[in-house]
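A.B. asks: Can you read through this structure? Questions will come right after.
The values are calculated or read from the model by the stated rules, or taken from the named source; none is laboratory data. Here the structure is a predicted model, which is why all the values come from computation and not from measurement. Positions of Cβ are backbone-derived with ideal geometry, glycine not excepted, and every protein chain shown enters the neighbour counts. Remember, those area values only see protein heavy atoms, side chains included, never the ligands or the DNA or RNA. Shrake-Rupley method; radii C 1.70, N 1.55, O 1.52, S 1.80 Å.
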Amino acid sequence: MTSTSADPARHAGASVDVRSLTKAYDAVVALKAIDLSIAPGEFVALLGPSGCGKTTLLRCIAGLIAPSGGDVLVAGRDITALPVHRRGLGMVFQSYALFPHMTVGENVAFGLRMRGVPKADRAAAVAKALGLVHMEGLVERYPAQLSGGQQQRVALARSLVTSPSVLLLDEPFGALDAQLRDSMQIELRRMQRKLGITAVFVTHDQREAFTMADRVAVLSGGTLQQFDKPSAIYNRPATPFVAQFIGQVNRFAGTYAPTDSTGGAVTVAGLDEPLRAEGGGGDIPTGTPVIVMVRPERIRIATVGEGAAQNRLPGTVSDIIFSGEKVGIWVETPIGTVEVHQFSTTTDTGTTLAIGQAVTLRWDAQSTMVFMDE
């Protein structure tokens, strides 16, 4: 029997377990045996490019799409075969999906009314839910009288008012401008922590995922590439796709040779000395073709002959672009163009360099990411 709880101030986040979940549309496989375990009260972002399967996965959890195989469990209870209205989950859509003929208060109360919650209890619950999203004074307005950000707050309140154990969000801030989007991200994260609710959030925006989530699940082509904390995904990507999709990287091809138990060397055509890698090669055999990646902010620039480093690459500055918080510097080297980022910690960042200037690029072996060539 569905709970008629009507106090959005009391939530108990539930675990979510996805086991070997698959979804096929005729010959097209949208999800390929996805396994995902989300802890109670955790905020998880599903991240990936268009068509990767993230929205399909969210809708399978919600019950809006029937999976072709596998199971969905909430708090250890198998809900795979349950209809949407019996899953006890909250859902927020990008389009808000508010009823235009209902006031703010009526929109928020709709789910409670469908559950048979008494009118007096509905009014109290609606007031608390609107208080959570700072919309207390707009209860009598209609959606057309609200801004996009206000409509999104109402949609959140409507999902929270039924005290769901899990909140599912499908790119809810996609229609908002950048400044409002940032403020709504902060508000949602604050509410989620305050309530202790479990949240699963679909986004294609890397910054949004890293800002909000405890852990991020990166998907590509219907497969789960990596599921980890944002810092681990950025600093220790599990696959070449994750390394390239998250942030920016410089990419080189070469052959690998282990040097000891912690690292190895990569021979790259055009370089007299191999590039050193530490902790990234694993059990890659000698002579294996590999891809080397280095993030632009991990590379330092020195004038020719200055200092020493584990990896050194000579080059000539070909372009300098100031973009506010950072300066992008492009350097032509024997193995191709390398992008370097310097952050604008001082007013003259990047101004000591000139186009055509000879420089040496330097980075540590720990910053060299190595993957077997696919």
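A.B. asks: Tell me what the chain gives for mean residue ellipticity at 222 nm when only DSSP H runs of n ≥ 4 count, each as -39,500 (n - 2.57), the sum divided by the residue total, rounded to 500 deg cm²/dmol. Can you show the working numbers first?
C.D. replies: Working: 8 runs with 84 residues, N = 374.
Counting only the DSSP helices, I get -6500 deg cm²/dmol.
A.B. asks: I've got another one for you. Given a 1.4 angstrom probe, I'd like the percentage of the accessible area of the chain that is carbon and sulfur, rounded to a whole number.
C.D. replies: With neighbouring chains kept in place, the figure for the chain is 52 percent.
A.B. asks: By how many nm would the segment from Asp177 to Met114 lengthen if fully extended, with 0.36 nm per residue of separation less the alpha-carbon distance?
C.D. replies: Between Asp177 and Met114, full extension yields 19.3 nm more.
A.B. asks: Here is a further query. Rank Glu325, Glu208, Glu187 by mean-square fluctuation in a GNM of the chain with C-alpha springs under 10 angstrom and give only the top-ranked residue.
C.D. replies: Per the Cα network of the chain with a 10 Å cutoff, Glu325 tops the list.
A.B. asks: Still on this structure: Computed from the coordinates I sent, mean projected area of the Cα convex hull in nm² equals one of [x] 21.5; [y] 19.9; [z] 22.7. Tell me the label.
C.D. replies: [z]
A.B. asks: Which of the peptides 65-76, 137-148 is most tightly packed, and how do the rest follow, going by the mean number of other Cβ atoms within 10 Å of each residue?
C.D. replies: Those peptides, ordered most packed to least, come out 65-76, 137-148.
A.B. asks: Cα axis of helix 148-160 to longest principal axis of the chain: angle in degrees, 0 to 90, nearest 10?
C.D. replies: Helix 148-160 sits roughly 70 degrees off the main axis of the chain.
A.B. asks: How about Lys119: which aspartates and glutamates have a C-alpha closer than 14 Å to its C-alpha, ignoring those fewer than 8 places off in the same chain?
C.D. replies: Asp7, Glu106
A.B. asks: I want to check the label-to-label distance for Ser344 and Ala81. Put each point 7 Å from Cα in the C-beta direction and report it in nm to one decimal.
C.D. replies: 6.0 nm
A.B. asks: In addition: Using the alpha-carbon atoms, what tilt in degrees (0 to 90, nearest 10) does helix 119-132 show relative to the longest principal axis of the chain?
C.D. replies: 20 degrees
A.B. asks: Per residue, how large is the accessible surface of the chain? Use a 1.4 angstrom probe and give square angstrom.
C.D. replies: 46 Å²
A.B. asks: Let me ask you something else. Compute the long axis of helix 178-195 from its Cα atoms, compare it with the longest principal axis of the Cα atoms of the chain, and write down the angle in degrees, 0 to 90, nearest 10.
C.D. replies: With both axes taken from Cα atoms, the answer is about 60 degrees.
A.B. asks: Next question. Rounded to the nearest 5, what is the percent of antiparallel bridges among the DSSP beta bridges in the chain?
C.D. replies: Roughly 75 percent of the beta bridges in the chain run antiparallel, per DSSP.
A.B. asks: Could you tell me which of Val44, Val16, Ile65 has its Cα farthest along the dipole of the stretch 1-123 towards the positive end, charges placed at Cβ (Lys, Arg +1; Asp, Glu -1), taken about the Cα centre?
C.D. replies: Of the options given, the answer is Ile65.
A.B. asks: Would you list, by chain and number, the lysines whose Cα falls below 24 Å from the Cα of Lys229, excluding same-chain residues fewer than 8 positions away?
C.D. replies: Lys32, Lys54, Lys194
A.B. asks: Turning to a different aspect of this structure: Normalising by the residue count of the stretch 1-156, find the relative contact order in percent from Cα pairs under 8 Å and 6+ residues apart.
C.D. replies: Averaging sequence separation for qualifying contacts and normalising by length gives 24 percent for the stretch 1-156.
A.B. asks: Once you put a point 7 Å from the Cα of Arg236 and another 7 Å from the Cα of Thr259, both along the Cβ direction, what distance in nm separates them?
C.D. replies: If labels sit at Arg236 and Thr259, their model points lie 2.1 nm apart.
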